[in-house]
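Where a number appears in this text, it was derived from the coordinates with a stated rule and is not lab data. Every value quoted in this text rests on a predicted model; they were computed, and no experiment measured them. Backbone-built Cβ (ideal geometry, glycine too); neighbour counts: all protein chains shown.
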Amino acid sequence: MEKVYREFVEHFNDLNEVRAEKGLPALPLPSKAAMRAEIRKLAPYHVDAGRRGVSFAKKKYAYIQGKHDPEWPLQLVEMDEWQVSLQTLLQGNPVWEGLGITAKKRLDEEVGRMQLSAAIDVRTKCILAMQLARTATTDLAIATLKMAMTDKSDIAKVAGCDHPWDMAGRIQMVRVDNGPAYVAGAFSTAAIDAGIAVDYAVAGAPYLRGSIERVFSSFHTGVISLFEGRTFTNVVEKGDYEAEARASLTIEELGRALVRWVVDVYHNTPHEGLGGQTPRNCWLSLRKKVGVPLSPNEDAMRACFGITVERDLRSEGIQLYCNKYQSPELQSVRREFRLRKKLRVRFDPDDLGYISVETPKGWLKVPCTVQEMHGIPLEVHVENRQCMLARYGEEAARSAPIVNKALADLRRLADESRARRGIASPVFTATNLAHLDAHFSDDRVRVDEAFDGDILGLDEPDDVGVAGDPEAAGETTTSLVRDTMPFLGDDDDDDDFEYVLED
């Protein structure tokens, strides 16, 4: 106001000089108090628009009608991504580093900022999901949406929480922005398949997702600010503070810190938006009063959020990362239909016990031929395979005693995996799944009838004695072709016979 008044006085004096040249009397100069009074009469919207821009004023004075406020849990969930304002030591599981799943962008890159994908229930203000990753992708968004509908108490237990993280259920609507991770068809398809409506907020209007935007700010002040290596919004605030040099937390430690703060601190702190009630108490009271929609079952979760790959259907079924999946219904497809291309397969990276296969008859649920794979995550399967091959080698790993030990180790690794599970676990994408495909197809060995080779990754030939060499198979090839022929039907076409030999 002082500046405005000085400029006004200068302009007023120039005006009176012009009037004096014309012989007109001078106008009386208004006082500073009068100027202040006039300024205070201006509309706040116009003041902010003039000082900080129209865009700022629109966001500040935007409003949401009360009829859009949800009335029960999971009626409306907001999702977004946030670049964590903390430099983190980029150290991951050495197995996954070796496979390129969590490889650094540059060989000399040791620290960096993580992307946090999160989901919040607007009615109760409970955080339903968090996922940490190097980059924000559609796969990360889908994994977060899936996590929001599952019980996360095991993650809370690993982080040392005193309370469970049991907020979960079927979401009615998810509100997101127009970022590339959400506008991709894969995200909307997964949501719609799960019966979730997707609401895309207007671009440039973060106030339409106010709950998730505010909670990211709370993350920074509540937990991130406690650690060395935090970043700043501008160079003035940063000063001489070297965030990269002060980085002290690994990705896993950051994940545990975020979970501990959310479950034990944020969920149990009175929330202004809930009239002073804590998010956890609000969830519990509404769950008792109006209920919470049940989460989809395992088969529905795999069908909606599973990773999709393409595989051939052969006499031994579907092979996925050295595991075979077989069922009578699946083999009937080979007998009844002439398949000209690979079939689409969906699997849950958290449980390799079953897969879903898209066939001309529709989607089929197919079990793994190895019972021990039920409940085993892909992460554990890969680690077990790496350990066995490194310890025994490909040839030695075919013996029955080692196979039995592998199955026992697999179950132990699964228990250990659950004991260290966190929000920084690998999020599988098309790129790193391609790495896995190449990795699992590296080693091929001779067929051993005493051992199927599913667990250890011994990817044996499908219908011949020696991979890629039918003549070297001798009588084995002939017997396999003869045993397979009844499944080919009565068609006189030789294409099927050649297909068996080629495979």
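Please give the contour-minus-distance gain from residue 369 to residue 213: 0.36 nm per residue of separation, less the Cα-Cα distance, rounded to one decimal in nm.
On the way: separation 156, 0.36 × 156 = 56.16 nm, distance 4.65 nm.
Gain on stretching residue 369 to residue 213: 51.5 nm.
In whole Å and largest first, what semi-axes does the C-alpha gyration tensor of the stretch 285-345 yield when each eigenvalue is scaled by 5 and square-rooted? Could you put the intermediate results ahead of the total?
Numbers: eigenvalues 266, 30, 22 Å².
Three semi-axes, in Å: 36, 12, 11.
Report the local net charge at residue 264: Lys and Arg +1, Asp and Glu -1, summed over other residues whose C-beta lies under 14 Å from its C-beta.
Working: positive: 152, 157, 256, 260, 280; negative: 162, 166.
Once positives and negatives cancel, what remains is +3.
Along its three principal axes, how long is the stretch 2-60 when you only count alpha carbons? Whole Å, largest extent first please.
Result, largest extent first: 50, 20, 16 Å.
Arranged from highest to lowest average of other beta-carbon atoms within 10 Å per residue, in what order do the peptides 308-317, 291-300, 268-277 appear? Each step should come with its number before you reach the end.
Values: 308-317: 16.4, 291-300: 14.6, 268-277: 12.5.
Answer by packing, highest mean first, reads 308-317, 291-300, 268-277.
Could you list 144, 359, 221 in order of exposure, starting from the residue whose Cβ has the fewest other Cβ atoms within 10 Å?
On the way: 144 26, 359 19, 221 9.
If I rank by nearby Cβ atoms, fewest first, I get 221, 359, 144.
Near the amide H of residue 80, under 5 Å away, which other amide H atoms are found, from residues 5 or more places off or on another chain, if H is placed in the peptide plane?
Distant-sequence amide H within range of residue 80: 118.
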